[in-house]
Amino acid sequence: MVVTDVQEVFVIGRYDLLGHLSNVLYTVAFFFKDILWLRILVIAGCAVELVYRFNIADTPLWTDIFWCGLFIVLNTYQLAVLIYNRQFLSLTSDEKKLRKKMFSNLSVSDFKALLNAGIRKQVPSKTVLIEEKVHLDCLQLLVKGKAEVIVEGKLVTHLKDCSFAGEMSFLTGSLTSARVVTTKPTHCIIWHKDVLQNLMNSNDSLHQGLQTVFNKDLIHKLLQHSQSATAPAHSNPAPDAATDEGLTVALPESIEAN
């Protein structure tokens, strides 16, 4: 009789340890800043808790077991997506800089999809990227290089790295207001209107993210236009872009470079 009681206490204590272990795993998980390890430990904690709920009572606690199983499935799926994004959606150093500078609000997968939808071109100096007073069927981004923005034969500003060209005309369908010509070899990404529109229509998060990017770009250009309008007459009418962290951010004086 005494032996039987000791065995029962031992069995209950053993499964109690599983209950403690599962909670320890949950607690440790929240000390990790890396979401990858957090999900791994949460999955491990749920698995241990599932065994605990199955054995702790005379009959399995099916409600708790169901929710533990569901949490394991959900976290395993998110873990697989995370690993896929890290292993197969890796970015080059230049792509990381570009994302940080202009597309930080886009997820890595959305940013990669955007890059894959574009055409990358290296164009020589004196290449006309955009003609004045025409309809555009593409959106262009100067990744590295330099271009002049000319309105009615007058130079108004320069575009440098990480600068859109013609985005307002592209978005609104209006005629371009300026001519854009490269002044040095320039690396561009070009998105054809139909391709980019289809991508945005099929991906809500990408659509919203690009709208934010365009809005920030427009606000930036409006501020620069306001500053140039109130600047002293002897100030330079066509400033270059400012440099930051190896990339440059265009400081155009006109509202729109297109």
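Results, tabulated for the structure shown:
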| item | result |
| --- | --- |
| Efficiency of FRET from Cβ geometry, THR172 and ASN85, R₀ 35 Å, rounded to 0.05 | 0.55 |
| Point-to-point label distance, LYS193-VAL108, nm (Cα→Cβ direction, 7 Å offset) | 3.5 nm |
| Counted charge near ALA29, where neighbours are those whose Cβ lies closer than 13 Å (Asp, Glu -1; Lys, Arg +1) | 0 |
| Burial ranking of peptide ranges 75-87, 168-180 (average Cβ count within 10 Å, highest at the top) | 168-180, 75-87 |
| Alpha-carbon centroid distance for the pair region 89-124 / region 142-156, whole angstrom | 23 Å |
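Values in this text are rule-based calculations from the coordinates and carry no lab data. Here the structure is a predicted model, which is why all the values come from computation and not from measurement. Glycine gets a Cβ as well: all are built from the backbone with ideal geometry, and neighbour counts include every protein chain shown.
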